[in-house]
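For reference, the structure discussed in these notes is given below.
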Amino acid sequence: MSNSFGRLFRFTTWGESHGEAIGCVIDGVPAQIPLCEADIQYWLNRRKPGQSKFTTQRQESDSVKILSGVFEGVTTGTALSLLIENEDQRSKDYGDIAQKYRPGHADYTYQMKYGVRDYRGGGRSSARETAMRVAAGAVARKILDKAGISVRGAMVQMGATVIDRAAWDWEITEQNPFWCPDAKTAAIWEAELLAIRKSGSSIGAVIEVQAQGVPVGLGEPIYGKLDADIAAAMMSINAVKGVEIGDGFAAANLQGEQNADCMRMENGQVVFQSNHAGGILGGISSGQPIITRFVVKPTSSLLIPVETVDKDGNNTIIITKGRHDPCVGIRAVPVGEAMLACVLADHYLLYKAYQG
């Protein structure tokens, strides 16, 4: 089983949803970067469960400990090891599904591939693992800060309801539980999600993540394309079923002259007239903002009875008890930010290495 991501900036996560702890080891962090637990905790607090009535009520402080790689407040260049202890496991909630496969989950494929599965919250396949991605992303942001690169994300669609892009306000994302940049749409989502949660069902969402200040030249033109690595990073997040860069699938509705990001010279600098490409041309960053979107499917853990089979090959019915997000898109926002930060940190270090 592969548990690692990245090349120069490389992290390996470990641990299960209902195990004693989860953690990660990060290689490739340059020396003398100021880093303390509070720097990481800030981003973990944005992802942790139980912060609103719209997310799982599992109570985890997600308090991170730095075990190695930092001395006197700065990184040493050695492996950075991080630990989060699990605090609120309720494994008994999953006793009824020990012999049944939850539709939409990885239960069946894990069992077929490995011959064993941890049914307690999904074990390794649980989104609990993403806490360590956010921790790694916090460290990646420290590298990006020195390069003048920033990353931020928002939920732009829940179910069939899409935000009004004309009303986009980044400050609004910090004022509602959906990371929604449009206050009116956030109010609509609140009513919709309350009804969905009450029914025992769930809903999907679309997340948009943007990076500002990315220089020209990150990425490779054939293998190792920046957009290919971003797509792989987003697809690796739990429940993600599709990724776009720039206009993405909407580009199919355009003609060539409409889709082209025309260029002009202004004050001795190349200036793009649009950004349909999402800041990446031929696998290489263009200097424009990088824009990516990904769609997360509705949560597969439902309080509604659904048809399935058990390990003995019998047809049966399953209801998934426990504490689950009615829309995983909410907590996927900080995870998507973290993964984009990790990809950009990796490519930035590669870019600097090539420059010598």
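The values are calculated or read from the model by the stated rules, or taken from the named source; none is laboratory data. Computed from a predicted structure; not experimentally measured. With ideal geometry, Cβ positions are generated from the backbone for all residues, glycine too; neighbour counts draw on all protein chains shown. Keep in mind that these areas ignore ligands, DNA and RNA; they rest on the heavy atoms of the full protein, side chains included. Shrake-Rupley method; radii C 1.70, N 1.55, O 1.52, S 1.80 Å.
Which condition from (1) part of a helix (DSSP H, G or I); (2) out of contact with any helix residue (DSSP H, G or I) (no Cβ under 6 Å at 6 or more places or on another chain) is the one that Ile40 breaks?
Only one criterion is unmet by Ile40, namely (2).
When only residues in the range 302-356 that are part of a loop (DSSP other than H, G, I, E, B) and of a type in the set (Val, Ile, Thr) count, which is nearest to Asn238 (Cα to Cα)?
Looking at residues that are part of a loop (DSSP other than H, G, I, E, B) and of a type in the set (Val, Ile, Thr), I get Val328.
For the range 119-141, name all the residues that are open to solvent by less than 50 Å² (accessible area, probe 1.4 Å) and either among the basic types (Lys, Arg) or assigned to a loop (DSSP other than H, G, I, E, B) (or both).
Within the range 119-141, Gly121, Gly122, Arg124, Ser126, Arg128, Arg133, Arg141 qualify.
Where residues in the range 71-86 are open to solvent by less than 30 Å² (accessible area, probe 1.4 Å) and polar (S, T, N, Q), which of them is farthest from the chain's Cα centre (by Cα)?
Result: Thr75.
Please specify each residue of the range 194-206 satisfying the condition of being open to solvent by less than 20 Å² (accessible area, probe 1.4 Å) and at pLDDT below 95.
Gly200, Ser202
Considering each of Val116, Val162 in turn, give the residue that is free of Cβ contacts under 8 Å to residues at least 12 places away in the same chain, exposed (fewer than 14 other Cβ atoms within 10 Å of the Cβ) and not aromatic (Phe, Trp, Tyr).
Numbers: Val162 fails: free of Cβ contacts under 8 Å to residues at least 12 places away in the same chain.
None of the other options fit; the residue is Val116.
How many residues are buried (at least 18 other Cβ atoms within 10 Å of the Cβ) and at negative phi when one looks only at the range 207-224?
Looking only at that region, the number is 7.
Out of everything in the range 18-30 that is of a type in the set (Gly, Ala, Ser) and over 17 Å from the mean Cα position of the chain (by Cα), what residue ends up being most open to solvent (accessible area, probe 1.4 Å)? Quick ask: steps written out before the conclusion?
Initial filter on the range 18-30 (of a type in the set (Gly, Ala, Ser)): 19, 21, 23, 28.
Pick out the ones that are also over 17 Å from the mean Cα position of the chain (by Cα) and you get 19, 21, 28.
On the way: Gly19: 12, Ala21: 18, Gly28: 37 Å².
Per the stated criteria, the residue is Gly28.
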